[in-house]
1. Quick one: Ala73 ticks every box in (1) open to solvent by less than 70 Å² (accessible area, probe 1.4 Å); (2) within 56 Å of the chain's Cα centre (by Cα); (3) free of Cβ contacts under 8 Å to residues at least 40 places away in the same chain; (4) outside the structural domain of Arg138 (by TED's automatic domain parsing) bar one, so which box is it?
2. In this structure, does Lys332 turn out to be part of a helix (DSSP H, G or I), more than 26 Å from the chain's Cα centre (by Cα) and assigned by TED's automatic domain parsing to the domain that holds Ile415?
3. Strands (runs of 3 or more DSSP E) wholly in region 342-423 with at least 2 residues that are outside the structural domain of Val264 (by TED's automatic domain parsing) and within 7 Å of the ligand (Cβ to nearest atom) - which ones?
4. Take the residues in region 322-331 that are over 21 Å from His401 (Cα atoms) and within 9 Å of the ligand (Cβ to nearest atom); name whichever of them is most open to solvent (accessible area, probe 1.4 Å).
5. Those residues that are more than 24 Å from Leu148 (Cα to Cα), exposed (fewer than 14 other Cβ atoms within 10 Å of the Cβ) and among the charged types (D, E, K, R), I need them from region 93-135; list them, please.
6. Of the residues Ser301, Ser334, which single one is loosely packed, with under 15 Cβ neighbours inside 10 Å, modelled with pLDDT of 90 or more and small (Gly, Ala, Ser)?
7. For region 77-92, give me each residue that is closer than 19 Å to Ala5 by Cβ and open to solvent by 80 Å² or more (accessible area, probe 1.4 Å).
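The values are calculated or read from the model by the stated rules, or taken from the named source; none is laboratory data. All figures in this text were calculated on a predicted structure; none of them were measured in a lab. Here Cβ is always computed from backbone atoms with ideal geometry, including for glycine, and neighbour counts include all displayed protein chains. These area figures cover heavy atoms from the full protein model, side chains too; ligands, DNA and RNA do not enter into them. Shrake-Rupley method; radii C 1.70, N 1.55, O 1.52, S 1.80 Å.
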Amino acid sequence: MDSRAVWTGEVRRAVIYLLLGIAIGWFFSKPLLGFALACLLVVVSWMMQMWRVTQWLQTPDAEPPEAKGLWGAVFDSIYHLQRRDREERYRLQTAVSYMRESFSALKEGTVMIDPEGRIEWSNESAVQLLGLHYPRDRGQALLNLLRLPRFIRYFSSGDFQEPLLIASPADAQLRLQIEITPFGHGSHLMFARDVTRLDQLEAMRRDFVANVSHELRTPLTVITGYLHTLIDSGLCQEDRVLRPLKQMREQSARMETLLSELLVLAELEATQPGEDLAPVDVGALMAEVQQHFENAEPGRSIVIDRSSKRWVRGNHRLLYSAVSNLLINALKYSEGDVLLSWSEQGDWGRLSVTDSGPGIEAEHIPRLTERFYRVDKSRSVASGGTGLGLAIVKHILAGHHGTLEITSKKGVGSIFTCILPLS
Ligand code: ADP
């Protein structure tokens, strides 16, 4: 009913009571007393209705009391709100139960974590994979139960872009991939997937590449050795023999570089990020690289621009190798000066190699760090490239919790930036 009409009706009723009180009082020559008694009657009737409301609200699921006018409208409105609230709660409860049922059926260990980092719920698979039991562990701080330092660092960092690989706290034979998704107001949903088999296959692949590279090296050294001896001996002076021999020596040298780069990659893959790091003076490292390349490539100049004096935590040998790989490319694919710069942006250091070479089309950029990916295969092979340089740089940076950023404009040049956390 229209609330204005309800109020008008209620006021009209109160006025009638008051006028009636005054009229009766008048009849007994006491109009004021009649008015006061009528007021009292109105107040008492309102208080009775309020008492009925409180009684009703204390009885769960009870029907609203019968009433007319304003109080009837109040009871109805409260009743409707209650019903809506009950329906909403039921709907949410059903949705939560449905979600929990679906999560329960998952093979992945699933844990819901509240904004304070306590376990709200976990499924059956979380028992075998993470050693978490629901409801026994409900309300416990997750980091008190999963105490692996790498997991603690990962969870506390709040950066869940990349999944985390750890050994299962419940069974050291199992390898888990942990993924965390924030939801709601500070809650998190954590999935733990058993990737033992995948991890074993990946390890087999790594070992296979490393072993093959290693095994091929010895025969290749013998072949290269004999080729050198044959060419240098002067026994093969005839051009139709000498030329193929020289080509064979060139190709075997290329194969040697390829094998040693594959071994470097295998070694990098086998080390965990953050292992073996010490403070590195980036300025000194840049000067060292500059000196090396200016000696190795006379006539080419490497310009240094250093706006930051900060050091990084890193492995000097590997960082040297990353910058060298970028400089080799810059010198190989461009003809002018190459700029080597070091600057800082917030908590990150930026070590950039800028060239004025041919540039790279945008579509190739995301794939450049894949093994053996080349923009122009014939040109890269002719220039002695193996197609592994940028893959090595990417792995080295990942081992330093850093990334490689590539920006390039066709016909203008390229900038390869190593982004490293500042110590
Ligand atoms: P490669 O040994 O072939 O140089 P990399 O992994 O170092 O292998 O580089 C991959 C590809 O990226 C190269 O083949 C080349 O096409 C492209 N590239 C790398 N650096 C540059 C650069 N400075 N300018 C233009 N293209 C580049």
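1. Checking Ala73 against (1) open to solvent by less than 70 Å² (accessible area, probe 1.4 Å); (2) within 56 Å of the chain's Cα centre (by Cα); (3) free of Cβ contacts under 8 Å to residues at least 40 places away in the same chain; (4) outside the structural domain of Arg138 (by TED's automatic domain parsing), the one that fails is (3).
2. yes
3. Values: elements: 348-355, 403-409, 413-421.
In region 342-423, the matching strands (runs of 3 or more DSSP E) lie at 413-421.
4. Ile328
5. Passing the criteria: only Glu101.
6. Matching residue, one of Ser301, Ser334: Ser301.
7. If the condition is that a residue be closer than 19 Å to Ala5 by Cβ and open to solvent by 80 Å² or more (accessible area, probe 1.4 Å), then His80 is the only one that fits.
Here's the yes/no breakdown for (1) of a type in the set (D, E, K, R); (2) open to solvent by less than 30 Å² (accessible area, probe 1.4 Å):
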residue	(1), (2)
Ala270	no, no
Pro273	no, no
Asp276	yes, no
Asn315	no, yes
